[in-house]
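Only one structure is covered here, and it is reproduced in the block below.
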Amino acid sequence: MQSSNSTAERMSRIFREVFDDPSINIRDDMTSEDIDAWDSLTHIHLIFAIEKEFKIVFTVGEAGSSLKNVGELRMLIEKKIGG
Amino acid sequence: MSSVNSGFLDRHSRQEYRQLTKNAGVQLDYQRLVSAGKRLKLGDSAPLLKLAILGDCSTQQLAALVKALLGEAGIRTEIHEGEFDAIELQCCDPASALYRFGADAVVILNSAQALRAAYLHQATEGGDYAGDCLARTIRIWDAIQANCSAVILQSTFAIVPDSYFGNFELKVPGSLRSLITALNANVVAATRERTGVLIHDIEAVASWVGRRLFFDERMWDLWKLPCSLEHLPRVAKSIVDVMLAFRGRIVKCVVVDLDNTLWGGVVGDDGLEGIELSTHGGGAGESFVRLQLYLRQLRRRGILLAVCSKNDEAVALMPFLHHPDMVLRRDDISVFVANWDDKASGIRRVRDELNIALDSIVFLDDNAFERNLVRELLPEVIVPELPEDPSSVVAFLSELNLFETTSLSKEDLQRAMQYQREAQRRESATRCANVQEFLQSLDMQIVVTRFDRFQVPRIAQLMQRSNQFNLCTRRLSETECSALMRDESFIPLYATLTDRFGDHGLISVVVLEQQQDALIVRDWLMSCRVLARGVEQFLMNHVVAQAAQLGLKSVVGEYIPTAKNGMVRDFFQQFGFTRLSTPGDRWMLNVSGYLQQEAFIRLAQGARSMNGTEDS
């Protein structure tokens, strides 16, 4: 079982809140296509929530980049928190 | 989700909004509001507000927050978002979607970033850029008011953190910061001469938050958001606050507790001189003065003040009547409730006397028990938490923004006075009877005795400590008091007082000296705990009777002013003494011309005679 404080688990909690769907469990290969509520508006919210949760600051490029999938976002977070 | 009775939900959500304002700053959370906005379902009976938001920035997030906050205040909101950055276009087209929407209010959100971009992109500098911006803004108002009757909510421009000249910035008339500052001043001035245009002061929000945190340039560059998402709820709340005031939700009266709210300490225990309240003493005393100044300023703009305190009324009134540093006077208080009933009853009395709604009342009390009791019994009343630190109360209340208004008429300013006169009329009819009845009901008994060796230590102590009700402020030591006790030319007296609430112990010292045909008052001091109860009146009757008994013609006294004894400045005058022409503030009374004072105090059994011969 995943540790409840792993990056992925913390991300899952954020995704559930932001996309208002308690059933979400993120996987690395997920994309915005897999989550109905993931649009340009909620993406801003997602970036904001991740920054708050992980106490990191994305650059303008990172915040606006169209990442290939959730795995890339997770790796970016881990890189920024120095994990 | 099960359907919920809309009345219940309205009430519930209004309480939730109150809870929110109570904890402003904590509850203005973006995630919470977005979730709340999705879940909030208001019934058709809830009042509807049609709001158009026109911005030169992205307004989607803001619109959702405004809707959520208004929803929590029990107002259904329909929002029309204008097309991005097309404010003037939409307003000047009578056939635009804006006018088809039929807005009650139009929010014009001008972002600082858009202004900055336009300013920096100018081909050439110079010209009257601020003047052009103002003219365009006024053109937009004209167009809106020509095409619909909606109230306009015009934002100010936040001052961007960019610096081009450092400290010299404001000395350059055409600099960006000078431009924004001038524009804000001119836009606001233009709204003063015009009906139907209100201000949404986004610059006040930005500076409250701090520009460094308020602005998020990534959010602008990527998505044209006017500020960081973190602080967008506060922008939304300031819009909502104006809208609620526009819809009549305004505070009309602030009901305040006294002990540890308006001053530090408990006046009934610590005495008038013991409470913390000071215009120059430093520390908490100044914090309480500052809160009083804040409240007085509210009163000056037409918000009524009332007192609700668990106290004897005479005790509660003492600081208002006699404390030199008290800012609020009895006249500032429209309804004065001081009794031992619960505070919900007190607030109901305020409501009844002023004939205002409970939801227009703010209640301030340092005591969590009282706050919770009022929230429980009178959920409509706005009961903010209060910070424990008195120095932060004013900032806290300002942050809650409880006193929003949309107009300030002459009537507003006069209202406080009108209520005041009414309340005074009502009161003056009953006051005398009340105070007398009250004093009578106290069943006060006094013992007046020549100094004795048991009391000398306490007498000396009172002489050291008593500052305010002290005519000459001689600080006699125990040894000196003992000497007086044995000196037959002096009549050194002390008084103890009991009433039905208990024994007040030693409360006053009066030292008299017989000189030829006059009785000289050498010392007269009294504990402020027993002010306004008739003790000094009783003692003066006693002193004059003593002079008469000794066959003396006059009583002579002196007032020696100090920094603290201003409250007894007129002591002798009030008893009919006339001022002597000799140097100093000396006064004389003809014994035969003395008017007996009314005092509801009995001389208790066991009192000793005044000339030193002890009964036993």
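The values are calculated or read from the model by the stated rules, or taken from the named source; none is laboratory data. The model shown is predicted, which means the values in this text are computed figures rather than measured ones. Backbone-built Cβ (ideal geometry, glycine too); neighbour counts: all protein chains shown. Quick note on the areas: whole protein, heavy atoms, side chains included, nothing else; ligands and nucleic acids left out. Shrake-Rupley method; radii C 1.70, N 1.55, O 1.52, S 1.80 Å.
In the stretch A:9-24, how many are surrounded by fewer than 19 Cβ atoms within 10 Å (Cβ to Cβ), at negative phi and not hydroxyl-bearing (S, T, Y)?
Counting residues in the stretch A:9-24 that are surrounded by fewer than 19 Cβ atoms within 10 Å (Cβ to Cβ), at negative phi and not hydroxyl-bearing (S, T, Y) gives 7.
Do you know which of the residues in the stretch B:227-236 that are assigned to a loop (DSSP other than H, G, I, E, B) and either open to solvent by 10 Å² or more (accessible area, probe 1.4 Å) or of a type in the set (S, T, Y) (or both) is farthest from the other protein chains (Cβ to nearest Cβ)?
Filtering the stretch B:227-236 for residues that are assigned to a loop (DSSP other than H, G, I, E, B) and either open to solvent by 10 Å² or more (accessible area, probe 1.4 Å) or of a type in the set (S, T, Y) (or both), the one farthest from the other protein chains (Cβ to nearest Cβ) comes out as B:H231.
Matching residues to (1) buried (at least 19 other Cβ atoms within 10 Å of the Cβ); (2) modelled with pLDDT under 90:
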position: B:N339; (1), (2): no, no
position: B:D342; (1), (2): no, yes
position: B:S345; (1), (2): no, no
position: B:L386; (1), (2): yes, no
position: B:S407; (1), (2): no, yes
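Counting only residues that are loosely packed, with under 14 Cβ neighbours inside 10 Å, touching a Lys or Arg at 6+ places or on another chain (Cβ under 9 Å) and assigned to a loop (DSSP other than H, G, I, E, B), how many does the stretch A:25-83 have?
Within the stretch A:25-83, residues that are loosely packed, with under 14 Cβ neighbours inside 10 Å, touching a Lys or Arg at 6+ places or on another chain (Cβ under 9 Å) and assigned to a loop (DSSP other than H, G, I, E, B) number 5.
If we scan the stretch B:114-131, do we find a residue that is among the hydroxyl-bearing types (S, T, Y), at pLDDT 95 or above and either surrounded by 12 or more Cβ atoms within 10 Å (Cβ to Cβ) or assigned to a helix (DSSP H, G or I) (or both)?
No, every residue in the stretch B:114-131 fails to be among the hydroxyl-bearing types (S, T, Y), at pLDDT 95 or above and either surrounded by 12 or more Cβ atoms within 10 Å (Cβ to Cβ) or assigned to a helix (DSSP H, G or I) (or both).
Can you pull out the residues in the stretch B:514-555 that are more than 21 Å from B:F469 (Cα to Cα) and not in a helix (DSSP H, G or I)?
B:Q514, B:Q515, B:Q516, B:D517, B:A518, B:L550, B:G551, B:L552, B:K553, B:S554
Restrict the check to the stretch B:465-480 and report whether at least one residue is within 38 Å of the chain's Cα centre (by Cα), of a type outside the set (S, T, Y), open to solvent by 30 Å² or more (accessible area, probe 1.4 Å) and closer than 28 Å to B:G576 by Cβ.
Yes: one or more hits.
Any residue in the stretch B:22-36 that is out of contact with any Leu (no Cβ under 8 Å at 6 or more places or on another chain) and either of a type in the set (A, V, I, L, M) or more than 30 Å from B:D359 (Cβ to Cβ) (or both)?
Yes - at least one qualifying residue is present in the stretch B:22-36.
Tell me whether the stretch B:568-581 contains one or more residues that are at pLDDT 90 or above, part of a loop (DSSP other than H, G, I, E, B) and touching an Asp or Glu at 6+ places or on another chain (Cβ under 7 Å).
No, the stretch B:568-581 contains no residue that is at pLDDT 90 or above, part of a loop (DSSP other than H, G, I, E, B) and touching an Asp or Glu at 6+ places or on another chain (Cβ under 7 Å).
State which residue pairs qualify: first residue exposed (fewer than 15 other Cβ atoms within 10 Å of the Cβ) and inside the stretch B:22-51, second residue assigned to a helix (DSSP H, G or I) and at pLDDT 90 or above in any location, beta carbons under 7 Å apart, and separation of 6 or more residues or different chains.
B:G25/B:E399
Would you check if there is a residue in the stretch B:198-210 being closer than 26 Å to B:D104 by Cα, in contact (Cβ under 8 Å) with a residue 12 or more places away in the chain, within 14 Å of another protein chain (Cβ to nearest Cβ) and open to solvent by less than 40 Å² (accessible area, probe 1.4 Å)?
No: the stretch B:198-210 contains no residue that is closer than 26 Å to B:D104 by Cα, in contact (Cβ under 8 Å) with a residue 12 or more places away in the chain, within 14 Å of another protein chain (Cβ to nearest Cβ) and open to solvent by less than 40 Å² (accessible area, probe 1.4 Å).
For B:M318, only one of the following conditions fails: (1) surrounded by fewer than 22 Cβ atoms within 10 Å (Cβ to Cβ); (2) over 15 Å from B:V256 (Cβ atoms). What is its number?
(1)
Scan the stretch B:136-148 residue by residue and report those that are in contact with an Asp or Glu (Cβ under 9 Å, 6 or more places away or on another chain) and open to solvent by 40 Å² or more (accessible area, probe 1.4 Å).
B:R136, B:R139, B:N147
Report whether or not B:A395 is free of Cβ contacts under 8 Å to residues at least 60 places away in the same chain, outside any loop (DSSP other than H, G, I, E, B) and within 13 Å of the chain's Cα centre (by Cα).
yes
Can you tell me which residue among B:E72, B:E83, B:E88 is under 37 Å from the mean Cα position of the chain (by Cα) and either surrounded by fewer than 16 Cβ atoms within 10 Å (Cβ to Cβ) or not aliphatic (A, V, I, L, M) (or both)?
Exactly one of B:E72, B:E83, B:E88 is under 37 Å from the mean Cα position of the chain (by Cα) and either surrounded by fewer than 16 Cβ atoms within 10 Å (Cβ to Cβ) or not aliphatic (A, V, I, L, M) (or both), namely B:E72.
Out of (1) in a helix (DSSP H, G or I); (2) within 14 Å of another protein chain (Cβ to nearest Cβ); (3) open to solvent by less than 20 Å² (accessible area, probe 1.4 Å); (4) not charged (D, E, K, R), the odd one out for B:L222 is which?
Going through the list (1) in a helix (DSSP H, G or I); (2) within 14 Å of another protein chain (Cβ to nearest Cβ); (3) open to solvent by less than 20 Å² (accessible area, probe 1.4 Å); (4) not charged (D, E, K, R), B:L222 breaks only (3).
Can you tell me which residues in the stretch A:54-83 are modelled with pLDDT under 90 and within 13 Å of chain B (Cβ to nearest Cβ)?
Passing the criteria: A:G64, A:S65, A:S66.
Answer yes if at least one residue in the stretch B:209-220 is over 23 Å from A:V60 (Cβ atoms) and not acidic (D, E), and no otherwise.
Scanning the stretch B:209-220 turns up no residue that is over 23 Å from A:V60 (Cβ atoms) and not acidic (D, E).
Being more than 14 Å from chain A (Cβ to nearest Cβ), within 16 Å of B:N110 (Cα to Cα) and either open to solvent by 20 Å² or more (accessible area, probe 1.4 Å) or not polar (S, T, N, Q) (or both): is that true of B:A245 here?
Taking the combined requirement at face value, the residue does not satisfy it.
If you go through the stretch B:496-513 one residue at a time, do you hit one that is hydroxyl-bearing (S, T, Y), crowded, with 23+ Cβ neighbours inside 10 Å, on the phi < 0 side of the Ramachandran plot and not in a loop (DSSP other than H, G, I, E, B)?
yes
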